[in-house]
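Participant: After the structure tokens below, expect a handful of questions from me.
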Amino acid sequence: MKIVTDPQELQRQCLVWRNAERTVGLVPTMGFLHAGHTALMDRMRPECDRMVVTLFVNPTQFGENEDLSNYPHDFEGDCAKAEAHGADLLFAPAPDAMYAPDHATWVEVPELGRHLCGASRPIHFRGVCTVVTKLFNLTRAHKAVFGQKDWQQLAILRRMARDLNMPVEIIGHPIVRESDGLALSSRNAYLTETERAAAPAIRRGLLNLRETVRAGQRNAGAARAALKEEYASTLPMGEVDYIEIVDPADIVPMEDISGPVLAAVAIRLGKARLIDNILIEV
Ligand code: AMP
């Protein structure tokens, strides 16, 4: 596995592969890799000839009071995992290699970013879209894979690629969970023992919400209120950032549950802000 930090070298290498008619697959991450990330690699590996994994804690997607400076990292461990899961190239640039001091160009999909994480993290998806566009341009990847844990991100990137005719196939991959149901996240490392023990309640609440919908609940407001009440007792130390029921493609809140919906939550638990979601077919 080749380790590259220079964007131009990444671009040169991927061009060589493309010219030799190799398909390039891209797996973007912020590192501190876990089984959710390696599942994306395992998904991509048979889909391409050359697999590029990126490790980049992208500063432009973090707000001022967020965890950019404390984001966990383990470069050696990440290299070993990426190599073990078949990466041909690991791209780990420094922030100033990706952003010129006078960087001035942004890619945005505002319509899909008004709710869920976009509401509490106003510049987040602009940063994500911009860095993913840069990674697409650097690699000219034929395919790229993203996790459904970040459902809104996946919906936004799909729309961006379609609207801007980006020649890349976007693959979505299901959420990988711990055996107790907690969605894997690099940010789970922030949890204390007590918080970690309580955290599976996030998923249980979403499963209960799905049950109430399956049992006939069609009023999104009532379903959300019930989940809020449930979290107040199962996660008393948690602070709800949002509990929303939205259209899965447009990410706008729905009042009546009449077709497939996405129930999505963000909960602050100590130093961590954890997200999870569930797709509910009606
Ligand atoms: P991150 O490093 O958190 O930016 O995540 C990099 C990619 O891995 C994104 O496409 C995430 O959606 C995906 N990902 C993170 N955690 C999980 C998980 N538990 N299951 C599936 N995909 C995940």
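Nothing in this text is a laboratory measurement; each read-out follows from the coordinates by a stated rule. Owing to the predicted nature of the structure, the values given are computational and were not obtained by experimental measurement. Cβ placement follows ideal geometry from the backbone for every residue including glycine, while neighbour counts extend to all protein chains displayed.
Participant: Counting only other residues whose beta carbon sits under 11 Å from that of Arg273, what net charge do I get with K and R as +1, D and E as -1? Walk me through the numbers on the way to the answer.
Facilitator: Working: positive: Arg121, Arg187, Arg268, Lys271; negative: Glu66, Asp67, Glu239, Asp241.
That works out to 0.
Participant: Relative to the longest principal Cα axis of the chain, at what angle does helix 124-139 sit, 0 to 90 degrees, rounded to 10?
Facilitator: Its long axis makes an angle of about 30 degrees.
Participant: Return Arg12, Arg273 ranked ascending by Cβ neighbour count within 10 Å, so the fewest neighbours appear first. Could you put the intermediate results ahead of the total?
Facilitator: Values: Arg12 13, Arg273 19.
Sorted ascending by nearby Cβ count, the order is Arg12, Arg273.
Participant: Need the list of lysines near Lys143 for cross-linking: C-alpha distance under 23 angstrom, and skip anything on the same chain fewer than eight residues off.
Facilitator: Lys2, Lys81, Lys134
Participant: Once you keep just the Cα pairs under 8 angstrom separated by 6 or more residues, what percentage relative contact order results for the range 1-123? Don't skip to the end; give the middle numbers.
Facilitator: Working: 154 pairs, mean separation 40.9, N = 123.
Rounded, it is 33 percent for the range 1-123.
Participant: Also, quick follow-up: Give the angle, between 0 and 90 degrees and rounded to the nearest 10, that separates the Cα long axis of helix 35-44 from the longest principal axis of the Cα atoms of the chain.
Facilitator: 50 degrees
Participant: Would you list Met51, Met237 from fewest to most Cβ contacts within 10 Å? Can you show the working numbers first?
Facilitator: Working: Met51 26, Met237 12.
Arranged by neighbour count, lowest to highest, Met51, Met237 become Met237, Met51.
Participant: Which one of Leu90, Leu55, Leu68 has the biggest mean-square fluctuation once the chain is modelled by GNM with Cα springs under 10 Å?
Facilitator: Leu68
Participant: At 222 nm, what value in deg cm²/dmol follows for the chain if DSSP H runs of at least 4 each add -39500 (n - 2.57) and the sum is divided by all its residues, to the nearest 500?
Facilitator: Working: 10 runs with 105 residues, N = 282.
When only DSSP H runs of four or more count, the value is -11000 deg cm²/dmol.
Participant: Under 13 Å from the Cβ of His115, count the other residues' Cβ atoms, weight Lys and Arg +1, Asp and Glu -1, and hand me the total. Show your work: numbers first, answer last.
Facilitator: Numbers: positive: Arg114, Arg121, Arg224; negative: Glu111, Asp241, Glu244, Asp247, Asp250.
Overall, the nearby charge balance is -2.
Participant: Comparing Asn70, Asn188, Asn208, which has the greatest mean-square fluctuation in the GNM of the chain with Cα pairs linked when under 10 Å apart?
Facilitator: Fluctuation is largest for Asn70.
Participant: Determine, for Thr38, Thr133, the number of other Cβ atoms within 10 Å of each Cβ, and report the residues in order from fewest to most.
Facilitator: Values: Thr38 21, Thr133 18.
Listed from fewest to most nearby Cβ atoms, that is Thr133, Thr38.
Participant: Could I ask something else about it? Pairwise over distinct Cα atoms, reciprocal of the mean inverse distance: report the Kirkwood radius of the chain in Å, one decimal place.
Facilitator: On the way: mean 1/r = 0.0508 Å⁻¹.
Result for the chain stands at 19.7 Å.
Participant: Give me a comma-separated list of calculated 3J(HN,Hα) values for the range 90-101, in order, Karplus coefficients 6.51, -1.76, 1.60 applied at θ = phi - 60°, integers in Hz, x for any Gly or Pro.
Facilitator: 10, 9, 9, x, 7, x, 6, 7, 8, 10, 5, x
Participant: Let me ask something additional. Can you tell me the 0 to 90 degree angle between the C-alpha axis of helix 201-214 and the longest principal axis of the chain, rounded to 10?
Facilitator: Computed tilt is about 70 degrees.
Participant: Which values, in whole Å and largest first, are the semi-axes of the equivalent ellipsoid of the range 186-280 obtained as the square root of 5 times each eigenvalue of the Cα gyration tensor? Before the final figure, lay out each step's value.
Facilitator: Working: eigenvalues 119, 37, 21 Å².
So the equivalent ellipsoid measures 24, 14, 10 Å along its semi-axes.
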